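Working notes for the structure below.
The values are calculated or read from the model by the stated rules, or taken from the named source; none is laboratory data. No experiment lies behind these values; they were computed from the predicted model shown. A quick note on method: Cβ atoms are made from the backbone with ideal geometry, for glycine too, and the neighbour counts reach across all protein chains shown. Just the protein is used for accessible areas: all its heavy atoms, side chains included, with ligands, DNA and RNA removed. Shrake-Rupley method; radii C 1.70, N 1.55, O 1.52, S 1.80 Å.
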Amino acid sequence: MDVARVADYLAENPVFACLSAADRGALAARMHPRHFARDEIVFHRDDIAGHVFLIAAGTVKISVPDESGHEVLVALQRGGDVFGELALFDDSPRSATVTAITETSAFALTRADFVGVLERNPEAMRKMLALLARMIRRSTGHVEDLVFLDLPGRVAKCLLDLAEASGTDQVDLTQEDLGGFVGATRVSVNRVLADLERRGAITIGRRHIQLLDRDLLRQDIRY
């Protein structure tokens, strides 16, 4: 494992950017490489926690079941992102299920190693609390989208947000997973996507959606 390269990954992530270069190097040396096959479950909701994962390459989805047992997609995480970070702050079980949707390489870090570094750095602790507040605000924004946007608006905004996060016009997501993101059935999402494709806003591929006209998508987002 290239410790310097892992430390560079850590420096690019908000969870670890508040630490000093020396602290990030110390954590990088304690991280262990992990590899997950496509569609492999990394961990289930309610599993015992204890590790946070830094993605080196690939994409994972974070999901929870709704009241009827259907999967609700919470987020997609890609190279450079961290998932399972709640394990850094308490000993509670996992709050969501994480599944690799492509072959994924990651590095795992134990809570004990992270807390040992954080406790020696009060300034980093304050920055970490500010980061947690931003995460809560993002979750609130997602709830507002579900409440105030109709389904075409939710689909359009979701596609734009995912494309913005990935830095490309291609969203690597199945229609079922997209339905989990926007709180709708696959059939309902399929109808919305078909209309967007007919209007020239997107093209639909196998396990991905290509954005062609972002302005057309923005027109569907009406609060």
- request: Name the residue farthest towards the positive end of the dipole of region 142-223 from the options Ala163, Gly180, Gly205, assuming +1 on Cβ of Lys and Arg, -1 on Cβ of Asp and Glu, about the Cα centre.
  value: Gly205
query: Could you give the dipole magnitude of region 41-94 about its Cα centre, charging the beta-carbon of Lys and Arg +1 and that of Asp and Glu -1, in debye to the nearest 20?
result: 280 debye
task: Under a 10 Å cutoff between Cα atoms, tell me which one of Val187, Val74, Val60 has the largest fluctuation in the Gaussian network model of the chain.
output: Val187
- prompt: If you bin the C-alpha pair distances of region 100-223 every 5 Å from 0, what whole percents do you get?
  reply: 2, 10, 16, 18, 15, 11, 9, 8, 6, 3, 1, 0
- request: Would you work out which of Ile221, His51, Phe114 lies farthest towards the positive end of the dipole of the chain, given +1 charges on the beta-carbon of Lys and Arg and -1 on that of Asp and Glu, about the Cα centre?
  value: Ile221
query: Toward the positive end of the charge dipole of the chain, about the Cα centre and with charges on Cβ (Lys, Arg +1; Asp, Glu -1), which of Asn13, Leu76, Ala26 goes farthest?
result: Asn13
query: In deg cm²/dmol and to the nearest 500, what is the mean residue ellipticity at 222 nm of the chain if only DSSP H runs of at least 4 residues count, each as -39500 (n - 2.57), divided by the residue total?
result: -14000 deg cm²/dmol
query: Say R0 is 41 Å: what FRET efficiency, to the nearest 0.05, do Ala4 and Ser95 get from their beta-carbon distance?
result: 0.80
field: In Å², nearest 10: area of Ser188 left accessible to a 1.4 Å probe
entry: 30 Å²
query: Kirkwood-based Rg over Rh for region 56-113 (C-alpha set), two decimals?
result: 0.99
query: For region 1-97, what is Rg from Cα atoms divided by 2.2 N^0.38 Å, rounded to two decimals?
result: 1.15
- request: Could you work out the Rg to Rh ratio of the chain, with Rh taken as the Kirkwood radius (inverse of the mean 1/r over all Cα pairs)?
  value: 0.99
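Can you give me the relative contact order of region 1-145 as a percent, contacts being Cα pairs under 8 Å and 6 or more apart?
30 percent
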query: Under a point-charge model restricted to the Cβ atoms of Lys and Arg (+1) and Asp and Glu (-1), what is the dipole moment magnitude of the chain relative to its Cα centre, in debye to the nearest 20?
result: 260 debye
field: Ranked order, Tyr223, Tyr9 - accessible area, probe 1.4 Å, largest first
entry: Tyr223, Tyr9
- prompt: Using θ = phi - 60° and the Karplus form 6.51 cos²θ - 1.76 cosθ + 1.60, what ³J(HN,Hα) does each residue of region 198-205 get, whole Hz, x for Gly and Pro?
  reply: 4, 7, x, 7, 9, 10, 9, x
query: What whole-number value in Å² describes the accessible area per residue of the chain for a 1.4 Å probe?
result: 52 Å²
